[in-house]
1. Please go through region B:23-40 and give me each residue that is crowded, with 17+ Cβ neighbours inside 10 Å, more than 8 Å from chain A (Cβ to nearest Cβ) and outside any loop (DSSP other than H, G, I, E, B), ordered by number.
2. Can you find a residue that is at pLDDT below 90 and not β-branched (Val, Ile, Thr) anywhere in region A:70-88?
3. Would you mind stating whether A:Met69 is within 14 Å of chain B (Cβ to nearest Cβ) and not in a strand (DSSP E or B)?
4. Only one residue in B:Glu97, B:Glu20 is buried (at least 21 other Cβ atoms within 10 Å of the Cβ), among the charged types (D, E, K, R) and more than 10 Å from chain A (Cβ to nearest Cβ). Which one?
5. Does region B:43-73 hold any residues that are of a type outside the set (S, T, N, Q) and either touching a Phe, Trp or Tyr at 6+ places or on another chain (Cβ under 7 Å) or within 11 Å of chain A (Cβ to nearest Cβ) (or both), and which are they?
6. Do we find that B:Thr68 is out of contact with any Asp or Glu (no Cβ under 9 Å at 6 or more places or on another chain), outside any helix (DSSP H, G or I), surrounded by fewer than 18 Cβ atoms within 10 Å (Cβ to Cβ) and of a type in the set (S, T, N, Q) in this structure?
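The values are calculated or read from the model by the stated rules, or taken from the named source; none is laboratory data. Just so we're clear, the structure is a prediction, and the values are computed from it rather than from any experiment. Note: ideal-geometry Cβ built from the backbone for every residue, glycine included; neighbour counts use all protein chains shown.
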Amino acid sequence: MATHINGSWELGAKMTALVVDDDSINQTIHHRLLEQLGIENQVARNGKEAIDIHCSGKKFDLILMDRDMPIMNGIEATRKLRAMGIRSMIAGVSTRCVKQEIQEFMEAGLDDYQEKPLTSAKIISILRKIHHSGSISY
Amino acid sequence: MANTPLHQQLSIMKQSFFDEGLLDHEQVSYLETLENEDDPDFIENLFTMFLRDSSRYIDSIEKALEATPVDYSVMERMLYQLKGSSASIGASKINGETNTLRKVFHDGDIESAKASLQKLKEEHANFKEKLVIYVGMLKEAKPSEY
């Protein structure tokens, strides 16, 4: 399925994403945002749920990983996913803006980092970095 | 789009949120682009969620600050939650007061943090009162739009 935004997606399999966030407002916004961009997505409420979803065999093109979550936070979840061999684009999403804290998150294995609130423009800038089966062109 | 007295009231009320700095115009306009006939209750649901969650976060912050010793990890988590969700719906004043409380709390002054929390609670009560009315009007306006 091709989805038109400012430019166009190259034809290929529909993109998939996993929203990992414990806040219901952010879950709702990010889910809707991705849906509008034509990206099939589901929501995990914390890092452990994200790991469990991957252990069940599911894979995603994009993972939006919140940093601060109960049970398992985004840093630990990112490390675990990378240790499991998950090569998906993982974008850290947080309200934190202290350089050291962002650095700590990046070093866990992120491909990108964006400050909340997310917007379509921020998602598109993340997606531009994905090397998909086709490439994304605008 | 319908232009009934209810819709006019909704527009006026929304504008007053912007004029009073309670809601960020840009963020709300952006959220409105995410609402359409596939999800016509999107904004209403977001505001309802915020009303519920923000009250819970503030209650937790108050309990954590009153605890002996102060529950730092709960404070930290709840402050970030409130900061994040208030920014996401464009609740500027709540976001601002939350950031002020965070800073004061990180400076280690518990008494000032308690005073800052009172300010946050006042802003929250004021915002909540108005937002509850607005959400009620949104619900009432829905059937004629869709």
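1. B:Val28 - this is the single residue of region B:23-40 that is crowded, with 17+ Cβ neighbours inside 10 Å, more than 8 Å from chain A (Cβ to nearest Cβ) and outside any loop (DSSP other than H, G, I, E, B).
2. yes
3. Here the answer is yes, as A:Met69 does meet what is asked.
4. B:Glu97
5. B:Ile43, B:Leu46, B:Phe47, B:Met49, B:Phe50, B:Leu51, B:Arg52, B:Asp53, B:Arg56, B:Tyr57
6. Against the criterion (out of contact with any Asp or Glu (no Cβ under 9 Å at 6 or more places or on another chain), outside any helix (DSSP H, G or I), surrounded by fewer than 18 Cβ atoms within 10 Å (Cβ to Cβ) and of a type in the set (S, T, N, Q)), B:Thr68 qualifies.
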